[in-house]
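See below for the structure under consideration.
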Amino acid sequence: MTETRHPSKGHGFIEFEAIRNSATTREKKGGKQYYKSEIVSLKHTYPFRYLVPENSTPGACRWIYPLVFGGGLVGGDTVVSEVKLGAGCAAVVSSQDSTKVYHCNNGSLTTQESTYHLGDSSLLCVLQDPLVCYQNADFYQKQVVHMSPSSNLVFLDWMLSGRVALNESWAFKRFRNCIEIQVSNETIIRDYLELEDTPNKTVAQGMHGYQVFGTCIVLGDDVEFLTDSLITKYGRKQDIGDKGSQDLVVSVSSTSYHVQGKTIHGCYLRFLAANMQSAAPAIRSITSPLLPVLGDDPYERKL
């Protein structure tokens with residue numbers, strides 16, 4: 001862990017294009033073919049960089065690891081990153097560990113902005129480790145996804161309460177997070193969350209002991225099997241008197257958007273969990289159906 005470096009402005013850009021004679025049929029509904037892809041542009045500046053292993057899995061899906069020097073963002077850091085997938089490409093944005101947002105002193109603000117561009121019939125899965133905001137952190141994050149009517153998305157965004165062992169549960173100064181999904185430049189989802197103590201109630205009090213909070217957005221025909229799986233598992237109404245698990249609370253709703261004469265189906269899922277162990281079933285319900293496409297488990301040995 002490195003908290004002594006000076007605040008920095010890091011940038012990253014990576015672009016993939018399909019290798020057209022490399023279609024690989026995946027074991028999933030519809031037998032969709034994705035192409036193996038190659039990097040056609042890669043740029044990054046300190047303290048940010050991309051790690052993209054070659055042949056990390058036998059399939060067509062590329063694995064992208066955004067990295068920040070020292071494993072976290074110090075107060076005052078600004079990181080701007082961009083991922084662009086060409087038509088027919090498949091990629092997963094993963095991580096080696098949780099991103100830490102360190103203390104913000106002297107009124108500094110830490111900012112992270114991520115933009116994703118999805119070509120026709122492409123697939124992007126954002127399946128990173130949870131964010132962890134330290135005590136007194138002031139963090140703003142904006143994540144924007146530009147899709148086409150035929151592209152596909154699985155976007156998991158989740159966070160931990162902090163360093164619980166040091167009694168830093170929801171002890172950050174302020175947390176702001178914006179997720180925006182656009183299809184053909186039309187905004188179909190804009191999810192904004194702001195967490196900050198008020199004079200009447202702290203964030204910790206409002207969370208009622210839960211230490212994990214997350215959102216997952218699934219969109220597109222090629223991931224309809226995942227939408228169906230999540231709706232089946234979490235969408236049914238509870239019977240009267242059935243309290244279910246108090247350590248994991250999950251809600252899910254189906255979504256439909258009409259853009260340029262095409263209907264885009266998907267689902268929107270949110271969960272609260274008492275701890276990482278309690279959150280594991282919800283995370284597994286998202287990732288397990290995707291394993292034939294991803295080629296590996298992004299949370300293996302982590303949950």
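The values are calculated or read from the model by the stated rules, or taken from the named source; none is laboratory data. Quick caveat, the model's predicted, so the values are computed rather than measured. Quick reminder, even Gly has a Cβ in these numbers, built from the backbone with ideal geometry, and neighbours come from all protein chains shown.
Does the range 56-83 hold any residues that are without any contact (Cβ under 8 Å) to a residue 40 or more places away in the chain and surrounded by fewer than 21 Cβ atoms within 10 Å (Cβ to Cβ), and which are they?
Tyr65, Leu67, listed by residue number.
Applying the selection to the range 143-161, what residues are in contact with a strand residue (DSSP E or B) (Cβ under 7 Å, 6 or more places away or on another chain) and closer than 14 Å to Gly214 by Cα?
Val154, Phe155, Leu156, Asp157, Trp158, Met159, Leu160
Have a look at Val218, Val212 and point out the one that is closer than 23 Å to Ala91 by Cα and either at pLDDT below 95 or of a type in the set (Val, Ile, Thr) (or both).
Val218
Of the residues that make up the range 264-286, is at least one β-branched (Val, Ile, Thr) and under 16 Å from Asp157 (Cβ atoms)? It would help to see each step written out before you state the result.
Step one: of the range 264-286, the residues β-branched (Val, Ile, Thr) are 264, 283, 286.
Now restrict to residues that are under 16 Å from Asp157 (Cβ atoms): 283, 286.
The answer is yes, given that some residue of the range 264-286 is β-branched (Val, Ile, Thr) and under 16 Å from Asp157 (Cβ atoms).
So, in the range 42-62, exactly how many residues are in contact with a Gly (Cβ under 8 Å, 6 or more places away or on another chain) and either over 13 Å from Phe13 (Cα atoms) or assigned to a loop (DSSP other than H, G, I, E, B) (or both)?
8
What is the number of the single condition among (1) under 22 Å from the mean Cα position of the chain (by Cα); (2) within 22 Å of Pro298 (Cα to Cα); (3) crowded, with 18+ Cβ neighbours inside 10 Å; (4) modelled with pLDDT under 95 that Arg26 does not meet?
That leaves (1) as the condition not met.
Determine whether the range 42-55 contains at least one residue that is within 24 Å of Asp138 (Cβ to Cβ), of a type outside the set (D, E, K, R), buried (at least 22 other Cβ atoms within 10 Å of the Cβ) and out of contact with any Phe, Trp or Tyr (no Cβ under 6 Å at 6 or more places or on another chain). Steps first, please.
Pass one, the range 42-55, residues within 24 Å of Asp138 (Cβ to Cβ): 45-48.
Filter once more, so that each one left must be of a type outside the set (D, E, K, R): 45-48.
Filter once more, keeping what is buried (at least 22 other Cβ atoms within 10 Å of the Cβ): 48.
The next check asks that each one be out of contact with any Phe, Trp or Tyr (no Cβ under 6 Å at 6 or more places or on another chain); those that pass are 48.
Yes: one or more hits.
Being closer than 30 Å to Thr227 by Cβ, in contact (Cβ under 8 Å) with a residue 40 or more places away in the chain and of a type outside the set (Val, Ile, Thr) is the filter here; which residues of the range 153-191 pass it?
Leu153, Phe155, Leu156, Asp157, Trp158, Met159, Leu160, Ser161, Phe175, Ser184, Glu186
Would you point out which residue out of Val101, Val93, Val126 is buried (at least 17 other Cβ atoms within 10 Å of the Cβ) and touching a residue at least 40 places away in the same chain (Cβ under 8 Å)? Walk me through how you get there before you give the answer.
On the way: Val93 fails: touching a residue at least 40 places away in the same chain (Cβ under 8 Å); Val126 fails: touching a residue at least 40 places away in the same chain (Cβ under 8 Å).
Being buried (at least 17 other Cβ atoms within 10 Å of the Cβ) and touching a residue at least 40 places away in the same chain (Cβ under 8 Å) holds for just one of Val101, Val93, Val126, which is Val101.
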